[in-house]
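A quick write-up on the structure given underneath.
What follows draws every value from the coordinates through simple rules; no lab data is involved. Not measured: the values here are computed from a predicted model. Please note: Cβ atoms are built from the backbone with ideal geometry, for glycine as well, and neighbour counts cover all protein chains shown.
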Amino acid sequence: MSYRVNGTEMPDLLLYFSTAACWLLLSGVAWRTSRPVVAAGPEPRADLQLENVLVPVALVLHAMLLYRRVIVPGGLDLGVANAVSMLVWLTVMIYWLGGLAYRGLTGILGLMSPIAFTAVLLQAVVTSGHVVTYGGDPLFALHFAIAMLAYSLFIVATVHAVVMLAEEKWLHRGVLPPFVRRLPPLLEMEALLFRILLAAFVLLTLTVVSGVFFSEQLFGKPLTFSQKTVFAIISWFIFGGLLAGHHFRGWRGRTAVHWTLAGFTALLLAYVGSKVVLELVLQRG
């Protein structure tokens, strides 16, 4: 027997609750470790151990939730709530995997936990009916996978840039929160930022090129210069200009951070902004 509450089956409600609870608990851990301490203070080892267990559990539960919400009969439900939740999940996954190579990056996962919690709540509250009937087309699947990974890497780069600003600010103050003390040195963080940006730019280039040249095969209609297309191209020029400026003129520091934030804003308007306008404002799929 299947119980339903407001159209949602009980197993889905339990999945929503358990996923949100994990992200909420991780948010609490992040808040505890965000309180400034003197440089010689002890590290919160118990919180770190709890975080190491909760993050993979939350990622698995969140992935299960995405599978149940996104994979629907006839295609993919890519409504704004599902799209945002998927991008947030990919971003946390990238940071978690990156933390295996750069141990200091694990502290940034705590900053993403409240965002992931909000994304799960958004999925629970906002109904979606934007189903993409791709018919199992491998070209569309490849385009979609590359685009989602590119957007997620740019989110990672943006969070990375903001953390760099905070790290620089706290270093000048000389009073550091524990998660900042665990971060790699600022120069290493900057070098990692440009590696992330380069990888994301390559994927964004593939996304734009495939969208321009294979629009009719991918989406069943010729290319139209919509808000999404225009802002995606603008973001491509911004990130390309940043990488060129870094390579030829040595742009770094706050200049790199500001360009990163500008490019991410354009990308946000291209994907999430267009979906919000169409689905929530204009009530169109």
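Data overview
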read-out	value
5 angstrom amide H check on Val132, placed H, neighbours 5+ away	Leu76, Asp77, Leu78
Phi-based couplings in Hz for the range 72-77 (Karplus 6.51, -1.76, 1.60; Gly and Pro marked x)	10, x, x, x, 10, 8
Ordering of 165-171, 261-267 by packing [mean C-beta count within 10 Å, highest first]	261-267, 165-171
Spin-label model distance (nm) - Val126 vs Ala21, 7 Å beyond Cα toward Cβ	2.6
Order of Thr260, Thr133, Thr19 under a 10 Å beta carbon neighbour criterion, fewest first	Thr133, Thr260, Thr19
Likely footprinting exposure, Tyr151, Tyr102, Tyr95, Tyr16, fewest C-beta neighbours within 10 Å first	Tyr102, Tyr16, Tyr95, Tyr151
Separation in nanometres of the label points that stand 7 Å from Cα toward Cβ, at Leu261 and Leu50	3.2
16 Å reach of a label modelled at Thr133, 7 Å along Cα-to-Cβ, counting backbone N of the range 54-81	72-78
Per-residue Cβ neighbour rank within 10 angstrom, fewest leading, Ile233, Ile108	Ile233, Ile108
